[in-house]
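Since every read-out is calculated from the coordinates, none of them should be taken as a lab result. None of these values were measured; they are calculated from a predicted model. Don't worry about glycine lacking a Cβ; one is built from the backbone with ideal geometry, like all the others, and counts go over all protein chains shown.
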Ligand SMILES: N[C@@H](CCC(=O)N[C@@H](CS)C(=O)NCC(=O)O)C(=O)O
């Protein structure tokens, strides 16, 4: 039993996976004609990224697809890798599974058929949903049973979220893995629909990297925080704005996510509260039988309470873990500054959506309420919630709405 029980994000786990992160490293760059993967041994990626951004970003923007199309195959199969290996986890045949629910947005003209395999309260799934909802995309949800995970048995890639994509009128379904990769792919396509999802997907090969925290090799995806543009950034972002967006997206995955578990499982009663919340919003009554649900809630809460202590140590959190959560939220608010509504300026960018999505995963927990009370994040969070729930990103999409390209943003 222990082996099949997994954790966090409302799922049980005795093998520290979710909210623990996969790799400390961040793929840094792909240049025009050869693949260069640099891995940064720092969970504070935003510091190192900003000091060494010059060459990758200037070479990157405007070239990757233009010239990169010619080298796509090479990139895809990883020619030029030294310390990395490519695995194809996107070949699995996707079976027909009845969706748990369907999100239908009448204004969605994207022609994309999307199926999201997810846990409702997994921070990575919430992050991806924030993007889907903000841009007003219709999608089906397949809620994965966090213990048996039979809904993703077909997949070689064993994590959620997984997004199955099908183009209008096409037979072929494409499997997209990893929340950040999927966000980058969808966004690249939404701002420039001439780039097919399949082509864009080939720019994010799976690679093996050495994780210095875990002291072992783990799988990750190259370029996951990079949006693929053609000649010019078709959303009008400057290279500085692109760099800032990437930096904070990486920070969300490498830093922010790690303060959540120790906080929501801080005490036995908070751990139970968290699992009850997961059960409620994940509609576990449809996923588990009553005895199983009770078992999952109480066993999970107990396991995660202890695991939370371990994670606190691993990620060097403050003795009072709330302080770490508050600090990170304040760091984020400070990055936005007083003059901007969002990090992206007048509207959210992918970093705003990532931070919002991750924090929304713990909305029903004391840790979340405390954070809104004790930090300066509340106004931004509420703005995000409004704009996401109203699908306001939809109006900014040139490819969907046939409106002119998004004008340059203020910073
Ligand atoms: N880097 C991945 C992380 C996804 C992840 O870790 N998901 C967890 C759920 S929150 C998972 O499915 N873990 C599977 C497992 O632990 O076996 C992403 O951003 O999508």
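Things to note:
- Ranking of 150, 198, 361 by count of other Cβ atoms within 10 Å, fewest first: 150, 198, 361
- Panel order for 283, 270, by other beta carbons found within 10 Å of each beta carbon, from fewest to most: 283, 270.
- 25 °C / 0.890 mPa s Stokes-Einstein diffusion coefficient of the stretch 241-295, Kirkwood radius on C-alpha pairs, µm²/s: 182
- Taking the alpha carbon gyration tensor of the stretch 101-393, multiplying each eigenvalue by 5 and rooting it gives semi-axes of 29, 24, 19 Å, largest first.
- Using R0 = 45 Å, the C-beta based FRET efficiency linking residue 320 and residue 198 works out to 0.40.
- Stokes-Einstein D for the stretch 121-236, Kirkwood Rh over Cα pairs, 37 °C, 0.692 mPa s (µm²/s): 211
- Geometric descriptor of the stretch 200-268, per residue, is 134 Å³ (volume of the convex hull of the Cα atoms).
- Cα gyration tensor shape for the stretch 256-410, rounded if a/c is under 1.5, else prolate or oblate: oblate
- Backbone N within the stretch 147-185 under 20 Å of label point (7 Å from residue 101 Cα along the Cβ vector): 147, 151-152, 160-164
- Note on residue 335 and residue 208: the model spin-label points, each 7 Å out from Cα along the C-beta direction, lie 3.1 nm apart.
- The calculated FRET efficiency for the pair residue 232 and residue 298, based on their C-beta separation and a Förster distance of 35 Å, comes to about 0.05.
- Exposure proxy ranking, count of Cβ atoms within 10 Å, fewest first, for 321, 142: 142, 321
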